[in-house]
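Please read the structure below before turning to the comments.
The values are calculated or read from the model by the stated rules, or taken from the named source; none is laboratory data. Given the structure is predicted, the values throughout are model-derived calculations rather than measurements. Cβ placement follows ideal geometry from the backbone for every residue including glycine, while neighbour counts extend to all protein chains displayed.
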Amino acid sequence: MFAAALSGFVFNLLHILSLYTPPHDNIIRLELRHIHGTAPDTGRIVFADYRPEKWIDLTGTAGQSYSIKTRKIRTYRPQSIGAFNDARAWSMRFGQSVTLPWDEDDVLGPDIESREVLLALAKMSSNAYLQPNETGWYELGANWTSTYPFGWEPDADGFRGQVFATPDNQTVVLSIKGTSAAFIGGGGPTAKKDKINDNLLFSCCCAHVDWTWTTVCGCHRGGWKCDQDCLEESLIEDSLFYPIGVNLYNNLTYMYPESNIWVIGHSLGGSLASLVGTTFGAPVVAFEAPGERMAAERLHLPSPPSTQHVTHIYHTADPIAMGTCNGVLSSCSIGGYAMESKCHLGKSIVYDTVSNLSWSVDIRTHPIATVIEKLLSEPWQPSLEAGREVPEPRHEEDCVECYSWDFGNYT
């Protein structure tokens, strides 16, 4: 009798264990936690915290898995934000770099060599353009929260995005909205400020293309001359998106002091994510972003020993990410955008869609939906043949931009 009882106990135990799936230490699950934006009346950053009584079940269909593989990433963070700001101020005032002490750290970041991870982050970047109940929102899990939408009213015209977090708050993802532009299938109340930021961050000199253009700052000095001091002062206005992103990141560190914070985004949002991530040493994934290296130099961001924690994802048919959407006859110029930068920080995962898929270079391939639906939703054959899931991340070597311009101190 005892043997039979023991046999039954062991059978039941094995059955229970067979139903148990051990957790993977390198996999996290994220959920929507905040909507963030800029208040239209004061310009201050506002959060809409989730409210359990306002939860909306958006799982009308099965939706997508919201698990993300992670891995350790080496980052460098300034030992003191005060010292970081002092170094920036010294560089702006005297044009001299200051040796800044950095803390080296291994943090939990996204596994950028996993196609499924990039797909999930691309969907979160796409969701930064929307509220949870809008058409086009990518469902990423079971229950999602709807919040009071400060910064998302029809007349709100500034910085927008979403904040996602794991249930245990171990990881927080700040997703920054990119440019809403009518000429690439977007638009909306933020389009004007988006365009100002684009033309300040990514043009050679205040969006001066020719005499017919209205520039966004008064730093052009005739011919191919641009006043460097004037240009740099124009980029540090508190109303511009980079300072707002820095304040937002500081708010998140206050709200989640023990969390790993990632920063992601598409287009302008991806470049801002890189600038914020470079400032704080946070892991970054940016999709189809214009080159932001020039903006980082003009903002006098102290350069850490490495920016390998910044990863850009783009394809060769996108003229904005490739830095070829310029010249008076380009689509960007026709739309009023001087997108003249091309050099990216960190590493780039580049899908050669021109050679492998015979895509034509076309600004209509720039939207994040193209990346999600046509690149990341299916395996990338050239990478599979090389035994990989995605193209190999590489640093951009010998990148030169705005070579025709002469930057100096002009009266």
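Out of region 86-123, which residues are among the small types (Gly, Ala, Ser) and more than 23 Å from the chain's Cα centre (by Cα)?
87, 89, 91, 95, 97
Residue-by-condition table, conditions (1) among the polar types (S, T, N, Q); (2) in contact (Cβ under 8 Å) with a residue 60 or more places away in the chain; (3) within 29 Å of residue 303 (Cα to Cα); (4) surrounded by 15 or more Cβ atoms within 10 Å (Cβ to Cβ):
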{"site": "348", "(1), (2), (3), (4)": "yes, no, yes, yes"}
{"site": "364", "(1), (2), (3), (4)": "no, yes, no, no"}
{"site": "377", "(1), (2), (3), (4)": "yes, yes, no, no"}
{"site": "390", "(1), (2), (3), (4)": "no, yes, yes, yes"}
{"site": "400", "(1), (2), (3), (4)": "no, no, yes, no"}
{"site": "407", "(1), (2), (3), (4)": "no, yes, yes, yes"}
{"site": "410", "(1), (2), (3), (4)": "no, yes, yes, yes"}
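With the structure loaded, tell me whether residue 286 is out of contact with any strand residue (DSSP E or B) (no Cβ under 6 Å at 6 or more places or on another chain), of a type in the set (Gly, Ala, Ser) and modelled with pLDDT of 95 or more or whether it fails that test.
No.
Sort through 142, 191 and tell me the only one that's modelled with pLDDT under 70 and surrounded by fewer than 20 Cβ atoms within 10 Å (Cβ to Cβ).
Just a single option satisfies the conditions, and that option is 142.
In the set 297, 340, 292, which member is among the acidic types (Asp, Glu), over 14 Å from the mean Cα position of the chain (by Cα) and closer than 17 Å to residue 242 by Cα? Give the steps one after another, and end with the answer.
Details: 340 fails: closer than 17 Å to residue 242 by Cα; 292 fails: over 14 Å from the mean Cα position of the chain (by Cα).
Testing whether each residue is among the acidic types (Asp, Glu), over 14 Å from the mean Cα position of the chain (by Cα) and closer than 17 Å to residue 242 by Cα leaves just 297.
In region 321-335, is there at least one residue being touching a residue at least 60 places away in the same chain (Cβ under 8 Å), among the hydroxyl-bearing types (Ser, Thr, Tyr) and closer than 27 Å to residue 390 by Cβ?
Within region 321-335, none of the residues are touching a residue at least 60 places away in the same chain (Cβ under 8 Å), among the hydroxyl-bearing types (Ser, Thr, Tyr) and closer than 27 Å to residue 390 by Cβ.
Of all residues in region 305-317, which are in contact with a Ser or Thr (Cβ under 7 Å, 6 or more places away or on another chain) and either hydrophobic (A, V, I, L, M, F, W, C) or under 20 Å from residue 260 (Cα atoms) (or both)?
Result: 307, 309, 310, 312, 317.
Would it be correct to say that residue 216 is outside any helix (DSSP H, G or I), within 27 Å of residue 365 (Cβ to Cβ) and modelled with pLDDT under 95?
yes
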